[in-house]
Structure formats: C-alpha cells, structure tokens
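Accompanying notes for the structure given below.
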Amino acid sequence: MTYDVVIIGGGPNGLLLSCELALAGVRSLVLERLAERATMPKANGLVGRVVQALDRRGLYERLSGNDGPPVAVPGFQFGALPLELYRLEDNPMFILPIPQRRLEELLEERARELGVEIRRGHELTMLRQSADEVTAEIAGPEGGYALTARFLVAADGGHSTVRKRLGIGFPGITDRGFTSRTGQVAIDPPVAVRGTGELDVPGLGRLRPATFTRTEHGMFAYGMFQPGVYRVSAVEWSPSPLEDSTSMPLDELRDAVHRVLGADVPMRAPDGVHPALRRSTGANSRQAERYREGRVFLVGDAAHVHSGIGGPGLNLGMQDVLNLGWKLAAAVHGWAPEGLLDTYESERHPVGERVIMHTRAQMALTSPGAGVTALRALFGELLTDASAVRRVAELMAGADVRYGDGHAHPMTGRWMPDLTVNTGSGPTRVATLLHAARPVLLTRTSGAAKAWSDRVEEVTTPDAPAEAVLIRPDGHVAWAGEDTDGLEEALHTWFGTPA
Ligand SMILES: Cc1cc2nc3c(=O)[nH]c(=O)nc-3n(C[C@H](O)[C@H](O)[C@H](O)COP(=O)(O)OP(=O)(O)OC[C@H]3O[C@@H](n4cnc5c(N)ncnc54)[C@H](O)[C@@H]3O)c2cc1C
C-alpha cells in the first residue's frame with residue numbers, strides 16, 4: 001500500500017500537519033516512536049501569530065477553553081525587558097497558555113476525528129527515495145517493515161533521524177555558557193500571594209508570573225499552569241561541565257534559584273503531581289541547510305532549534321506546517337503549479353533565520369556583565385518609544401512576515417486581517433471563512449474564480465478591502481488588486497490550471 005503522505009513524528013507539528021492534509025482531502029499516516037505520550041513538561045503555551053492561525057481552523061476555542069476570538073495581550077517581554085503592548089493601536093501579540101501535552105492530546109483528538117491513522121511505537125530507522133516515491137523502514141512493536149509514500153514529512157524533532165539520514169546539514173551554534181534548571185513545585189503562602197499569582201520573596205519583594213527576572217547571576221522565571229503547581233526555572237551563567245538530567249533533586253533547583261535571586265523561595269514537591277525536574281546545559285541554535293530533499297520535507301524542530309526565550313518554537317513550527325500543508329495537498333491532488341512546493345523553503349527558511357536572530361539577541365541581553373547592563377538600559381530607553389515596541393512585538397509574534405517581494409498591492413504577501421464582512425449569510429469573520437483550510441477569494445464582484453471552484457472558495461461581499469483579495473489557506477494574501485487585472489494570472493500561479 002502506498003500512502004499519499006507519511007508523517008514521521010506525532011508531536012504538535014506532525015499532528016497539526018495531519019489535520020491540515022485531512023481537511024484538504026489527503027490521506028496521511030502519522031508514525032510516532034513513543035508508545036505513550038511523554039510526561040516531561042515542554043511548552044507552556046503558544047506565543048504570536050500562531051494563535052490567530054489556529055483560530056482560522058476553529059481550534060482556538062477548543063485549545064483555550066475561551067469563547068470568541070483571541071484577544072491581544074497588554075504586555076510581554078523581550079530579553080526580560082518589558083514590552084508595553086497596551087500602548088499599540090494594532091497590537092500583534094497573542095498568547096494561548098496550554099501545556100504541550102494537552103495541546104498534543106487535543107490535536108490528536110482532532111486528527112482522529114478527521115480520520116487520520118496514527119501508529120504509536122513505530123520508529124523510522126532508514127529511508128530512501130526515487131523520483132516517484134519514498135520508502136521508509138520502520139521498527140514497530142511487531143518487528144520491522146517498510147512502507148512507501150508519495151511524500152514524507154519529517155516532524156521528528158530537533159534530533160531528526162530523517163534529516164540526519166538525508167545528510168542535510170544543521171549548521172549553527174551550541175552555547176554551553178549556561179545551565180538551566182526547571183521543575184514543577186508547590187509554593188505555599190505567604191510567599192505565594194493568594195489571588196494574584198505573584199510571589200512575595202522575603203528580602204527581594206514581589207515577582208510577577210510569566211516574566212523573566214534578570215540578575216547578575218542569571219535569570220529566574222515562573223508561572224502557574226495548573227492550580228497549586230508552579231513551573232519554576234532558573235538559568236545560571238555557569239559553564240561548569242554538568243550533564244543534562246531529567247531526574248535532578250529538588251534541592252538542586254532550590255539552590256539554583258537562591259544563587260540567581262540571592263534570596264530563598266521556599267518550595268516543595270507538589271501533591272499528586274510529578275515534580276518533573278530537569279537540568280539542561282546550554283542551548284543549540286541551528287537551522288537545516290534546506291527544508292526539502294526531493295519528496296521529503298522538514299518541519300518544526302526538525303528544521304530549526306533555538307533558545308526558548310519568549311516561547312517562539314511553536315509559533316515558528318506550526319506556521320511551517322500551515323505553509324506546507326496546502327501546497328503538499330495540491331501536489332497530491334495533481335494541481336500544484338510548477339515551483340509551488342519550493343516556495344515552502346523560500347518562504348519559511350528566512351522566517352526561521354529571524355527567530356534565531358531574535359532569540360540569540362534576547363539571550364545576549366539577559367547575560368551577565370556591566371556591558372550588558374548598560375545595553376539593557378539603552379534598550380529599555382528605546383522601548384519607551386511605541387514604534388520600537390511595535391517593531392519588536394511584530395518580530396516576536398512573526399507578524400512582520402511578508403512572503404515574496406515586488407508586490408504591486410500593499411496587502412499581497414501579508415497576513416490577511418481578521419475583518420468582519422457581510423456575505424449572503426450575514427456578517428462573518430475572515431477567520432471563519434478559512435476554517436475549511438481552502439483558499440478564499442474575497443471579491444466585490446462575483447464570478448472571477450468560477451473556473452477554480454473545485455479548489456477556491458469565492459465569497460462576494462461589499463466589504464472586501466480591495467476589489468479582489470485572494471487568500472491562501474495559511475491566512476496570507478496571495479494577491480490583491482483594486483481591479484481584477486492580474487487576478488487570473490495569480491489564480492494560475494498559486495492554484496494551477498483549472499480542471
Ligand atoms: C522545556 C521546554 C519548554 C518549551 N517551551 C515552549 C513554549 O513555551 N512555547 C513554545 O512555542 N515552544 C516551547 N518549546 C519548544 C517546543 O516544545 C518545540 O518547538 C516543539 O515540541 C516542536 O514540536 P515538533 O512536533 O516539531 O517536535 P517534537 O515535539 O520534538 O516531536 C517530535 C516527535 O517525533 C517523534 N520521533 C522522533 N524521532 C522519530 C522517529 N525516528 N520515528 C518516529 N517518531 C519519531 C518523537 O518521539 C516526538 O514525539 C519548549 C521546549 C522545551 C524543551
């Protein structure tokens with residue numbers, strides 16, 4: 001049996017891709033090497049444009065438990081410096097707090113609803129490809145087997161076996177200059193201030209959740225992701241040769257927090273919850289030389305790794321997926337125009353480079369030394385200027401992304417704003433129009449995309465922000481114009497020859 005697409009890795013990016021392909025009518029198989037989902041805590045939430053992107057699949061309410069569309073947050077941090085986002089008129093920063101394990105559970109639930117086949121305990125060990133197909137060798141619970149697919153996507157994380165087997169370079173740096181310790185702990189009153197989420201640390205004062213505190217010895221951060229359980233993290237600038245560990249004693253975390261803050265934060269193992277104590281030394285920031293090799297594509301951490309400061313990982317990876325999914329589906333259905341699949345790398349590699357740039361910059365801004373303290377003072381002054389806040393916020397949110405260049409219309413290549421438009425069935429948000437992951441032509445005059453009606457949804461509305469706006473399934477504008485000259489060419493360029 002030959003699958004259309006085999007996805008290696010059932011983490012958030014592999015699962016989301018399987019949902020995207022299923023929405024586009026493509027059958028995929030997800031192979032995940034772990035028999036059970038890992039318990040070690042990873043992401044605490046989604047930060048940036050990805051929150052709105054998931055709203056465009058109808059997933060925001062399901063993942064957040066909130067009603068209605070996402071709301072921008074009033075503040076955030078860049079390199080442990082405050083970003084006063086409430087001062088911006090069109091604030092681009094959205095956050096969805098959710099533990100990664102829960103995110104994966106809900107994405108898996110969604111994938112299964114859409115009919116995706118997911119095999120746990122199945123590990124890719126080797127692969128080869130010809131001009132027409134990819135063959136993967138799999139070690140499963142009942143032994144080894146091989147399967148073939150028209151395309152294979154590596155969503156197998158930072159240590160990607162697929163990337164290594166294909167010999168795709170992963171250049172970058174390994175910064176061994178710090179040690180980070182995290183764990184889930186209970187912190188009791190009066191240090192834990194009831195009702196505010198703050199910590200009142202004797203000798204230090206009040207600390208706020210979800211913010212970083214930089215000192216000359218390191219960085220401290222904490223948050224509460226389930227009632228009574230705090231995720232505490234201490235980073236120290238100490239290049240001593242320690243081993244990474246997932247079974248660190250609680251005292252080690254407590255001592256590290258003391259060294260960073262110069263004060264004690266009393267903490268104990270939480271009742272009924274695994275403290276999940278982890279020590280890791282240094283961080284990689286690396287990016288795959290290429291995101292495509294023939295019929296194989298890399299997404300998410302398989303394509304890039306970087307410091308987690310500011311939580312950019314899933315924003316980057318899940319938008320790789322949203323960029324690739326519809327293009328791969330077009331290739332499977334046989335209507336992908338020449339070169340469409342190559343735009344995945346040409347569009348997403350530069351976005352990955354910018355994330356590596358801003359996470360390295362943030363790590364530099366949090367490191368110790370009088371020079372850094374001076375740089376922080378200067379940066380802090382610049383960030384009193386709303387235009388600087390906007391620029392940094394857009395960079396962190398991935399809201400400054402514009403695909404392609406030389407566009408005639410200011411909307412082309414950019415993120416389509418979530419306007420409410422009146423259609424035949426009443427006022428509708430653009431986000432809702434994109435739930436089916438189909439391209440949408442928003443037009444004031446109907447009929448322009450009739451020949452593409454099997455693959456493009458035409459929505460006629462007097463509220464279209466231009467005569468015609470062609471929106472890709474990933475929410476970016478493929479083409480916009482004040483008249484329809486050029487629309488047909490754009491439909492051919494992005495959505496192929498009509499059937
Ligand atoms: C402590 C920590 C905190 C983080 N916090 C945040 C945060 O707050 N916000 C954020 O956005 N990001 C955060 N991140 C980053 C985020 O967790 C990653 O970006 C994300 O997990 C990447 O998802 P992925 O699907 O690409 O890869 P992974 O989550 O690594 O999933 C890859 C999957 O592939 C499987 N696999 C590997 N090899 C094979 C194989 N050969 N065959 C079959 N299956 C295989 C693995 O078992 C795994 O399940 C954090 C990371 C860590 C470690």
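The values are calculated or read from the model by the stated rules, or taken from the named source; none is laboratory data. Source: prediction; values computed, not measured. Here the Cβ positions follow ideal geometry from the backbone for every residue, glycine too, while neighbour counts run over all protein chains shown. All accessible areas refer to the heavy atoms of the entire protein, side chains included, with ligands and DNA or RNA removed. Shrake-Rupley method; radii C 1.70, N 1.55, O 1.52, S 1.80 Å.
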Residue-ordered couplings for the stretch 168-180, obtained by feeding phi - 60° into the Karplus form 6.51 cos²θ - 1.76 cosθ + 1.60 and rounding to whole Hz (Gly and Pro as x), are 7, x, 9, x, x, 10, 10, 8, 9, x, 8, 10, 10
Excluding ligands, DNA and RNA, the carbon-plus-sulfur percentage of the accessible area of the stretch 38-143 with a 1.4 Å probe reads 47 percent
Folded to 0 to 90 degrees: helix 370-382 orientation relative to the chain principal axis, Cα: 50 degrees
Toy charge model, Lys and Arg Cβ at +1, Asp and Glu Cβ at -1: the chain dipole around Cα centroid in debye, rounded to 20, equals 920 debye
Degrees, to the nearest 10: 250-261 long Cα axis against longest axis of the chain: 90 degrees
Please enumerate, by chain and number, the lysines with C-alpha under 22 Å from the C-alpha of K450, excluding those fewer than 8 residues away in the same chain. K327
With every protein chain kept in place and a 1.4 Å probe, the chain has an accessible area per residue in Å² of 43 Å²
Diffing the stretch 432-442: the Karplus 3J(HN,Hα) column from phi (6.51, -1.76, 1.60, θ = phi - 60°), in whole Hz with x for Gly and Pro, holds 5, 4, 9, 4, 7, 6, 9, x, 10, 9, 8
Name the residue farthest towards the positive end of the dipole of the chain from the options L442, P97, V257, assuming +1 on Cβ of Lys and Arg, -1 on Cβ of Asp and Glu, about the Cα centre. V257
Excluding same-chain residues fewer than 8 positions from K42, which lysines have a Cα within less than 24 Å of its Cα? K164
For F76, other-chain or 5+-apart residues with amide H closer than 5 Å (H placed, Pro excluded) are L83, L85
Which of the trypsin sites (Lys or Arg not before Pro) found in the stretch 243-335 are in a DSSP loop and have at most 16 neighbouring Cβ atoms, other than their own, within 10 Å? R290
Taking the 0 to 90 degree range and rounding to the nearest ten, how far is the long axis of helix 313-333 tilted relative to the main principal axis of the chain, both from C-alpha atoms? 20 degrees
Among rounded, prolate and oblate, which fits the stretch 175-284 when a ≥ b ≥ c are the square roots of the eigenvalues of its C-alpha gyration tensor, a/c under 1.5 means rounded, and a/b larger than b/c means prolate? oblate
For M416, the residues 5 or more places away or on another chain with a placed amide H closer than 5 Å to its own amide H are H476, V477
In sequence order, calculated HN-Hα J values of the stretch 146-153 (Karplus, 6.51, -1.76, 1.60; Hz; x Gly/Pro): 10, 9, 10, 8, 6, 9, 10, 10
At a 1.4 Å probe radius, carbon and sulfur cover how many percent of the accessible area of the stretch 175-284? 52 percent
Total charge of the residues flanking R268 in space, meaning their Cβ is under 15 Å from its Cβ, with Lys and Arg +1 and Asp and Glu -1, is -4
